[in-house]
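What follows is a short report on a single structure.
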Amino acid sequence: MPATVARPVPSAAVRAGGTGTSAARERGQPVVRIVVFGAGGKAGRAVVAEAAGRGHEVVAVVRDPARYTDLAGSGVAVVAGDVTERSQVAALVKGAGAVVNAVAPDAGDDPRTFFTAAANALVDAVAATGRGRLVAIGLAAYLDVAPGVRIMDTPGFPAQFQDFARAHAAALDVLWQAPATVEWSVVVPAMEFDPQGERTGTYRAGDTGLLTDADGVSRISYRDFAIAVLDEAEQGAHPRTHFAVAY
């Protein structure tokens, strides 16, 4: 798919509003337990806020809860957990209606080892529960700009980001190999991921190709990206694949 062509799904324009438990009920969605790994990062924080705003019971998993006391609030419990430790992950996801993977390695972590270990632990844990949905946050680098050509495979992709991009893509490969019983999706943000952008309440969902606007710009705010993640966690409209979201 050409980089300048956006192919949103029929329901690509999405608006989610309301706060509190009534928000989920008004939309006809059950209130569920959502476990967010990597809740202390920019994307993780936005997902936690969106999930709590919809009235879900949120478990925010971080390595050191003492550093993230600000995450705690109505419907949000902050707990310690290492996403690469299978026993910890298995215990945390029990009873979850959805699990969100928003993790990123710390400075001392090897990205490839970290991302694949996390993906394997989450797949095994969700498979063991026999229920729930696994939604991961992807990376724009492995979106296609032409059939079979990912952004990370193009000549202009920065060399300094290659290792990180390939490590992230290796985690996607783990999901592709997951048991058929694991319902997973990967929501991939636009090239420009705006931490200061407003929550407009809208986004477009595409396929595995880079999604751009009429000017060829690929952009989304963290807050609107979180809407897409929660919509996927609630509805599972893109099972066992990755897909792009942007304005």
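The values are calculated or read from the model by the stated rules, or taken from the named source; none is laboratory data. Please read these numbers as outputs of a predicted model, since none were measured by experiment. Ideal geometry is used to build each Cβ from the backbone, glycine not excepted, and the neighbour counts take in all protein chains shown. These accessible areas exclude ligands, DNA and RNA; they are computed on the full protein's heavy atoms, side chains included. Shrake-Rupley method; radii C 1.70, N 1.55, O 1.52, S 1.80 Å.
Structure data summary
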quantity	calculated
Residue in region 205-217 that is in a strand (DSSP E or B) and touching a strand residue (DSSP E or B) at 6+ places or on another chain (Cβ under 6 Å) present	yes
Some residue of region 3-13 being more than 20 Å from Ala98 (Cα to Cα), at pLDDT below 95 and under 18 Å from the mean Cα position of the chain (by Cα)	yes
Some residue of region 87-103 being open to solvent by 50 Å² or more (accessible area, probe 1.4 Å) and closer than 17 Å to Val186 by Cβ	no
Given (1) open to solvent by less than 30 Å² (accessible area, probe 1.4 Å); (2) under 22 Å from Ser221 (Cα atoms), index of the condition Lys42 fails	(1)
Filter result for the condition that a residue is β-branched (Val, Ile, Thr), at pLDDT 95 or above and touching a strand residue (DSSP E or B) at 6+ places or on another chain (Cβ under 6 Å), over Val149, Val188	Val188
Every residue from region 200-229 that is among the polar types (S, T, N, Q), in contact (Cβ under 8 Å) with a residue 60 or more places away in the chain and farther than 16 Å from Thr241 by Cβ	Thr202, Thr212, Ser218
Whichever residue in region 218-231 is open to solvent by less than 10 Å² (accessible area, probe 1.4 Å) and part of a strand (DSSP E or B) and, among such residues, is farthest from Ala52 (Cα to Cα)	Ile220
Matching residues in region 170-207 - criterion: being of a type in the set (S, T, N, Q), out of contact with any helix residue (DSSP H, G or I) (no Cβ under 8 Å at 6 or more places or on another chain) and within 19 Å of Asn101 (Cα to Cα)	Gln177
Filtered residues of region 133-153 (kept if surrounded by fewer than 23 Cβ atoms within 10 Å (Cβ to Cβ) and over 13 Å from the mean Cα position of the chain (by Cα))	Ala141, Tyr142, Asp144, Val145, Ala146, Pro147, Gly148, Val149, Arg150, Ile151, Met152, Asp153
Within region 30-39, considering residues that are in a loop (DSSP other than H, G, I, E, B) and either in contact with a helix residue (DSSP H, G or I) (Cβ under 7 Å, 6 or more places away or on another chain) or not hydrophobic (A, V, I, L, M, F, W, C) (or both), the one surrounded by the most Cβ atoms within 10 Å (Cβ to Cβ)	Ala39
Check on Gly55, among the small types (Gly, Ala, Ser) and either more than 25 Å from Glu85 (Cα to Cα) or surrounded by fewer than 24 Cβ atoms within 10 Å (Cβ to Cβ) (or both)	yes
Any pair with Cβ under 6 angstrom, 6 or more apart, that starts in region 176-195 at a residue that is under 20 Å from Asp231 (Cβ atoms) and open to solvent by less than 60 Å² (accessible area, probe 1.4 Å) and ends at one that is polar (S, T, N, Q) and in a loop (DSSP other than H, G, I, E, B)	Ala190/Ser218
